[in-house]
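Colleague: Encoded as structure tokens, here's the structure I'll be asking about.
Coordinate-derived values only; no laboratory data. Here the structure is a predicted model, which means the values were calculated and not measured. Here the Cβ is made from the backbone with ideal geometry for all residues, glycine too, and neighbour counts use every protein chain on show.
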Amino acid sequence: MKKNKWSVEKIVSILKENEAGIAASELCRKHGMSDATFYTWRKKYGGMTVSDAHRLKELELENVRLKRARLSSGQVAGGLVLTCLSAHRKCAGGV
């Protein structure tokens, strides 16, 4: 899994700076990120505290683990048995 160069604490602190009145474009220049990244973070983490954002990350990771466990056990999804084809998580339906 790719390691993110931005910690949850840093993301939340950047969003707090924006809420304090610093323009998004100025923050993007200051921290060396794209506008799209900033707005994606604001959509995902806007209004959260650091502990809320950590909890969100934990839930996302747990969800991924549960989905992988479900696929590896061969459970039926929508009437089709899913078979993993490669390490890149490409899956195809089989009967």
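Colleague: Show me, for the range 20-29, the HN-Hα J-couplings you get by feeding each phi into the Karplus relation (A = 6.51, B = -1.76, C = 1.60, θ = phi - 60°), rounded to Hz, glycine and proline as x.
Modeller: Rounded to whole hertz, the list is 7, x, 7, 5, 4, 5, 5, 4, 5, 5.
Colleague: Per residue, what volume in Å³ does the convex hull of the Cα atoms of the range 29-72 enclose?
Modeller: Looking at the range 29-72, the number lands at 102 Å³ per residue.
Colleague: Checking the table K5/K67; K3/K57; K10/K67; K16/K44 against a 18 Å threshold on Cα-Cα, which pairs fail?
Modeller: Checking Cα-Cα distances, K5/K67; K10/K67 exceed 18 Å.
Colleague: Semi-axes of the equivalent ellipsoid for the range 1-57, please: Cα gyration tensor eigenvalues, times 5, square-rooted, ordered largest first, whole Å. Display every interim value, and only then the final one.
Modeller: Working: eigenvalues 64, 40, 16 Å².
Taking √(5λ) for each eigenvalue gives 18, 14, 9 Å, largest first.
Colleague: Follow-up. So what J values fall out for the range 55-62 if you push phi through Karplus, 6.51 cos²θ - 1.76 cosθ + 1.60 with θ = phi - 60°, rounded to Hz, Gly and Pro as x?
Modeller: Result, ordered by residue: 4, 4, 4, 4, 5, 5, 5, 4 Hz.
Colleague: Once label points are set 7 Å from the Cα along Cα→Cβ at both R68 and I22, what is their separation, rounded to one decimal in nm?
Modeller: 3.6
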